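The values are calculated or read from the model by the stated rules, or taken from the named source; none is laboratory data. Worth saying up front: this structure is predicted, and the values here are computed from it rather than measured. All Cβ positions, even for glycine, are placed from backbone atoms using ideal geometry, and neighbour counts span all protein chains on display. Accessible surface areas use protein heavy atoms only, side chains included; no ligands, DNA or RNA. Shrake-Rupley method; radii C 1.70, N 1.55, O 1.52, S 1.80 Å.
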Amino acid sequence: MEMLENIRTIAAFIKEKVGKTPEYGIILGTGLGDLVNHIEITAEIDYKDIPGFPVSTVEGHSGRLIFGNLGGKYVMAMQGRFHYYEGYDMKQVTLPVRVMKQLGVETLFVSNAAGGMNKEFRVGDVMIITDHINLFPENPLRGRNYEELGPRFPAMTEAYNHDLIALADKVAAESDIRLMHGVYVGTPGPTFETPAEYEYFRIIGGDAVGMSTVPEVIVANHGGMKVFGVSVITDLGGKDITDVPTHEEVQKAAMKAQPVMCSLIEEMLRRL
């Protein structure tokens, strides 16, 4: 029961600080923190000040929970996520999603930076995640299942909510935004992929690859949350591509795509 108690304790701590219950949760990925500047902030809490909460160690991930209004909705934004490659176990990586659910969040928006292997993609493209392939060595639901959190064998048939995807397409069409669709491959990292790995991921049905998102989405679905996922294509890979990706280049490409991602999510929230 230790995990359940920790979730409840953290949620109670946050609720006491914030008061109002958030309707929507947002996880902001590498270089995509600018959405925070669009939020009418009512409260902020540093991860380090939350008892039992992990602390992000990756450059570009600030490590704060932001509460406020965006697109006319009260949201909870996670500025800086936790990655498996940092040494956290899957329970720690996905703890914030559990806490969001405990606080009353029913819809989760998640974003990330990803490498593209779809030949139609360009650096800076925004890809709606329609499905994922889980290549992490551990599932966040491994171990004892707590019925209070979700079923033992949750379906992942619609891991990314179809209605939210349709809404994003509508917003994009009206705003003349170039939106791609694709399957996200989740890997443990922290190495960038080899040309052969990129080719393998493409062959098995992937369009983009990254080192996050899949664990959080699994746990969100386990808890009955609706999920909308989006990737910024920050680099391209494959057997015919010789460019060497760096974390700095990934952040730079993500920064360029920020205005599109921000306006998309804000307008989606406005229409929900």
Flagged as over-length at 28 Å C-alpha distance, from 17/73; 20/252; 91/252; 73/101; 17/252, the pairs are 20/252; 91/252; 17/252
Expressed as a whole percentage, what fraction of the accessible surface of the chain belongs to carbon and sulfur atoms when a 1.4 Å probe is rolled over the protein heavy atoms? 50 percent
Charges at C-beta only: +1 for Lys and Arg, -1 for Asp and Glu. How large is the resulting dipole of the chain about its Cα centre, in Debye rounded to 20? 580 debye
Can you tell me the relative contact order of the chain? Whole percent, Cα pairs under 8 Å, sequence separation 6 or more. 26 percent
So what is the accessible area of the chain per residue, in Å², with the probe set to 1.4 Å? 43 Å²
Ranked packing of 197-205, 250-258, most packed first, by mean Cβ within 10 Å: 250-258, 197-205
State log₁₀ I(q)/I(0) for region 19-134 at q = 0.20, 0.23 Å⁻¹ as given by the Debye formula over alpha-carbon point scatterers of equal weight, solvent excluded. -1.21, -1.47
What translational diffusion coefficient, to the nearest whole µm²/s, does region 224-264 have by Stokes-Einstein, given a Kirkwood radius computed over alpha-carbon pairs, a temperature of 25 °C and 0.890 mPa s viscosity? 201 µm²/s
P(r) of the chain over all Cα-Cα pairs, 5 Å bins starting at 0, rounded to whole percent, reads 1, 6, 14, 18, 21, 18, 13, 7, 3, 1, 0
Quick one: length gained pulling residue 48 to residue 156 fully straight, 0.36 nm per residue minus the C-alpha distance? 35.6 nm
Please name whichever of 128, 146, 104 sits farthest to the positive end of the charge dipole of region 91-167, dipole taken about the Cα centre and charges placed at Cβ: Lys and Arg +1, Asp and Glu -1. 146
